Amino acid sequence: MSSVQKLFLSLLITLIFFTAFVFFSFSGLFNYIETHFYNVKIQKDIQRSLNATSAEIESYHGINQEKYKDLLNSDVLKTVYFLNQSREHIFGRENLFGKLVSEEPFLAGVRFVDISFDRIHFSTFSEDIVRRTATNIEYRDFKDVENQSFIETLRTKAIEEPILIYGETDTFVYCYKVNDIYDKHVGYALFYQGKRGLQNFLLRKGLLEIGDQIGLVDGIGILLKSQQLGEKALEIVDSYWRNGSQDLLSFTLESGEPFVFFESEVPSRFKVGMFVPESLFGLNRTLKLIILSAVFLTLFLLLFLLLNIKQEPALIVSERIKKLQLHLLWEHFERKQEIDWKRIKNELEGR
């Protein structure tokens, strides 16, 4: 059989087997691959990424906590709660926090309040100031500038939870106990950190892409990549986390595109979740074409190889004659004598 005949025979057999494979694939094989292999891998990859993001969020807050805690050791902050203060300390605080804001562009502001969260004794928010003199600055009451529900949250959780999610202002609030120069607990320091600081941190770590945003669920957790879902998604996740349901959430946009919800498995102070397009959990047309193409080429090459394993008889004889010729020439040159053509003729005829 010639090489061309083998080629066409391989192609014919391949088409027969490939047709059967295509029928079998669309009858259930693709669904089996999606369920037992492809979707499992996609889910593991998403979960691994979400767990890594949650761990980095913890790292981010830990860095900020230590930084702001060290700042509170400054002497100019221990006289914040005094009625009459030196101009030096007033200027020192302004200089200290002016430098901090320049270094932390996403720090929204800082407030020092009393133990009962009624009065403000220091603030970097200009709208908090009522009157200012050389030795004293008068501020508004805390209830006049903050949401009452958030104040109640601070009163119950400021000590137990030193970091709070303030959904209304899209900030993380870092809470610290403040002692005066006599080491007496006189109030709390509140550092308002905007969520964009965390977004940029995760972007630098490669855990978010350019354009990705995070949404804050008040007092509970963080929703990653929330930019395309809207406020309704935050409300659904808020209800889901508060009710403690174990059911996996789904969410559908007005356009009809469905999403599936995942949340981090890593223990942390906040819940971390993310909606993923449902379209990721299935073999799309491109992947199916790649699989079919790979199967077709594999079948064809395998069959063509099998047909060419056994050599042609004429080729075998030709190779043997070449070996005999080489042997005779080598024998002649080795013995350096006349060739006995009659003997060679008889040997060839015998072979």
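The values are calculated or read from the model by the stated rules, or taken from the named source; none is laboratory data. Just so you know, these numbers come straight off a predicted model, no measurement behind them. Methodologically, a virtual Cβ is constructed for each residue, glycine included, from the backbone with ideal geometry; neighbour enumeration extends over all protein chains shown. Surface accessibility is based on the protein's heavy atoms, side chains included, excluding ligands, DNA and RNA. Shrake-Rupley method; radii C 1.70, N 1.55, O 1.52, S 1.80 Å.
Working from Cα pairs under 8 Å separated by at least six residues, relative contact order for the chain is 18 percent.
Note: relative contact order over the stretch 216-290, using C-alpha pairs below 8 Å and six or more positions apart, is 30 percent. When Rg/Rh (Cα atoms, Kirkwood Rh) is calculated for this entry, the matching label among (i) 0.96; (ii) 1.41; (iii) 1.00 is (ii).
Out of every Cα-Cα pair that the stretch 1-135 contains, those further apart than 26 angstrom amount to 59 percent. For the listed peptides 278-290, 166-178, a ranking on the average number of other beta carbons within 10 Å per residue, highest first, reads 166-178, 278-290. Helix 341-350 axis versus longest C-alpha principal axis of the chain: approximately 70°, rounded to the nearest ten. Counting charges near GLU161 (Lys, Arg +1; Asp, Glu -1) among other residues having Cβ under 15 Å from its Cβ returns a value of +1. Accessible surface area normalised per residue over the stretch 98-159 is 55 Å², counting heavy atoms of protein chains with a 1.4 Å rolling probe. Rounded to the nearest 20, the Cβ-based charge dipole of the chain about its Cα centre (Lys and Arg +1, Asp and Glu -1) stands at 1880 debye. Taken about its Cα centre, the stretch 129-280 carries a charge dipole of about 660 debye when Lys and Arg each add +1 at the Cβ and Asp and Glu each add -1 at the Cβ.
The modelled label-to-label distance between ASN95 and ASN200, using points 7 Å beyond Cα along the C-beta direction, is 2.6 nm. The value of relative contact order for the stretch 118-175, using C-alpha pairs under 8 Å at least six residues apart, is 22 percent.
From its DSSP helices (H runs of at least four residues, each -39,500 (n - 2.57)), the chain gives a residue-normalised ellipticity at 222 nm of -16000 deg cm²/dmol. Beta bridges per DSSP, both residues in the chain: antiparallel share near 90 percent.
When the C-alpha to C-alpha distance is required to be over 24 Å, the pairs from LYS78/LYS271; LYS69/LYS225; LYS67/LYS143; LYS44/LYS195; LYS157/LYS177; LYS184/LYS271 that qualify are LYS78/LYS271; LYS69/LYS225; LYS67/LYS143; LYS44/LYS195; LYS184/LYS271. Between SER27 and ILE309, the contour length at 0.36 nm per residue exceeds the alpha carbon distance by 98.0 nm.
Looking at the P(r) of the stretch 96-217, how many percent of alpha-carbon pairs lie beyond 25 Å? Distances greater than 25 Å cover 29 percent of the Cα pairs.
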